[in-house]
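Report on one structure; see the data block that follows.
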């Protein structure tokens with residue numbers, strides 16, 4: 001039986017729906033960015049270029065060694081620094097002669113930025129450094145230092161995030177000192193006015209005193225010897241002895257002032 | 001109605017007509033082309049050309065002028081195996097009909113070259129000549145893709161010439177005249193149910209649909225662009241063309257869009273009439289006589305209608321995917337042509353009994 005030609009289905013509502021989609025797209029503003037006229041709003045951690053804070057560099061060569069494609073070139077020499085005091089030993093210091101990154105080789109992995117122990121390398125969102133020749137893509141430390149100006153400040157912490165470890169330790173130490181100062185001041189100074197607002201007033205007074213007192217750190221020989229006897233290393237012992245000296249000295253000055261006040 | 005350009009000696013009026021026609025021919029396709037650039041871009045969530053401009057006006061208004069300058073500088077390659085003379089004149093053959101049709105199209109009251117008694121017949125006959133240019137280009141290129149495109153174009157143009165003529169014939173039947181100016185005047189006098197003044201687009205809705213769809217196919221516009229389907233046969237008959245000859249083909253496409261939209265405007269949308277039954281006002285402006293003012297306003301109204309039809313062509317291009325060759329043929333022979341014949345029968349009966 002011969003097959004009859006199949007009639008096409010009549011046009012359906014989909015045709016109009018399609019027209020509706022294109023019309024709606026036409027009436028909504030385009031998302032195109034007019035790049036050379038309007039700069040893109042890049043996120044602060046964009047990997048545009050690697051900037052060098054030359055002052056922080058100690059020529060430790062970690063970045064150059066960790067670089068997977070060996071695109072960091074570092075030259076340096078040693079310089080003798082004359083001793084500060086008469087008769088002391090002269091020190092040597094590394095001076096950076098050349099720090100260059102070949103961005104034709106760089107694969108923007110960021111390992112050098114991660115590995116730098118002295119915060120000398122940073123990511124910058126700057127990206128407009130294309131050149132007409134591959135050779136011009138090797139940028140020296142002068143240009144890398146200029147890019148440092150485009151590095152954005154570290155991003156704000158998220159709301160409810162933990163305080164960074166360093167700041168938290170510092171705050172803890174300051175609070176502890178304030179409490180100690182308050183505890184030291186409270187029996188020595190039973191002032192009628194301060195008695196009512198004991199906790200708040202004492203903390204404020206302690207903080208105010210903290211700013212006044214300045215003690216030049218010295219090693220407390222007694223504590224040092226004791227710590228050495230306990231088997232602590234010399235470095236730890238010296239640091240702890242210094243801290244102990246400062247604490248003792250501050251407590252002494254506070255007691256003196258309290259005596260004068262009463 | 002007399003043409004406004006019939007002033008003084010014959011040579012002078014012919015000169016004026018040629019100047020106006022060529023001026024319109026060189027500007028209207030540019031406007032349509034710019035519109036296609038921008039409308040298509042925005043419908044695809046792009047911006048389109050933004051840089052090239054004329055003076056301080058940017059947004060790509062000068063893009064087509066720049067493109068034209070670029071095409072002029074490009075090398076004009078004629079393939080070694082090509083039939084050189086045919087290859088060279090094919091773009092002209094595709095382009096000239098659009099220019100010739102402009103003679104009979106009324107853009108405003110009195111703004112036309114000549115009011116031919118058989119204007120519709122002349123316009124449709126001449127527009128079919130551009131097919132010849134396509135076939136010449138396809139055959140002479142000595143390229144299999146060009147030839148495939150040419151054969152597809154031939155099949156498509158035979159299939160869609162019929163609905164185009166059937167749609168126009170129904171209008172002629174209703175208006176009772178073949179003259180394009182006469183059809184505009186007849187539409188002004190037409191009253192729907194004897195009361196509401198209305199253009200032919202409403203009583204002739206089927207005819208308008210047929211004419212519009214068929215003119216899209218005649219122009220090889222998407223969704224009927226099988227003959228130049230670039231994903232299958234490179235660019236059909238234009239594959240081997242470069243430089244200014246290629247630009248001629250592109251110009252022919254945009255001129256064709258404008259010309260066929262102009263014919264549709266005259267046949268179905270009331271030509272230069274601002275609203276059904278409302279002609280452009282004729283008042284004296286300083287030293288300009290009222291006739292000329294009305295003619296200028298009429299040209300503006302006609303251009304507005306032409307450009308809205310061109311807009312819909314662009315809109316279709318952005319929206320609909322290309323038809324397959326068999327779907328294309330089936331749509332014409334099994335749907336549009338029977339519909340056109342039925343339309344003529346219905347219109348004829350209505351004409352006799354009204």
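Quick look at the values:
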item: Pairwise label distance in nanometres, residue A:129 with residue B:54, each label 7 Å out on the Cα-Cβ vector; result: 4.5 nm
item: Cα-based helix-to-principal-axis angle, A:165-188 vs chain A, degrees rounded to 10; result: 30 degrees
item: Euclidean distance of C-alpha centroids, region B:1-63 and region B:194-219, integer Å; result: 25 Å
item: Global geometry of chain A, whether rounded, prolate or oblate, following the gyration tensor of its Cα atoms and the 1.5 cut on a/c; result: oblate
item: Most mobile listed residue (B:72, B:339, B:328) in chain B, GNM with C-alpha springs under 10 Å; result: B:72
item: Label-to-label distance, nm, for residues given as residue A:142 and residue B:326 (7 Å Cα→Cβ offset); result: 7.3 nm
item: 0 to 90° range, to nearest 10: angle between helix A:198-212 axis and chain A longest Cα axis; result: 90 degrees
item: Anisotropy class of the protein assembly as shown from Cα gyration tensor, a/c 1.5 cut; result: prolate
item: Three-way shape call for chain B based on the alpha-carbon gyration tensor, with the a/c threshold at 1.5; result: oblate
item: Test item: B:314-322 mean partner chain Cβ contacts at 10 Å; result: 4
item: Other protein chain Cβ atoms within 10 Å, averaged over every residue that makes up A:231-243; result: 0
item: Ranked packing of B:36-46, A:120-130, B:12-22, B:212-222, most packed first, by mean Cβ within 10 Å; result: B:212-222, B:36-46, A:120-130, B:12-22
item: Highest-first arrangement of B:159-169, A:53-63, A:237-247, where packing means the average Cβ count within 10 Å; result: B:159-169, A:237-247, A:53-63
item: In nm, spacing of pseudo-spin labels at residue A:79 and residue A:47 (7 Å Cα→C-beta vector); result: 3.4 nm
item: Nearest-0.05 FRET efficiency for residue B:307 and residue B:73, computed from C-beta distance (R0 25 Å); result: 0.25
item: Cβ neighbours within 10 Å from other chains - mean over B:36-47; result: 4
item: Label-reachable residues, region A:144-188, where backbone N falls under 18 Å from a point 7 Å from residue A:55's Cα toward its Cβ; result: A:144-154
item: Angle in degrees between helix B:337-353 and the longest Cα principal axis of chain B, rounded to the nearest 10; result: 10 degrees
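Coordinate-derived values only; no laboratory data. Note that the structure is a prediction, hence the values are computed from the model and not measured. Every residue, glycine among them, receives a Cβ derived from its backbone with ideal geometry; neighbour counts consider all protein chains shown.
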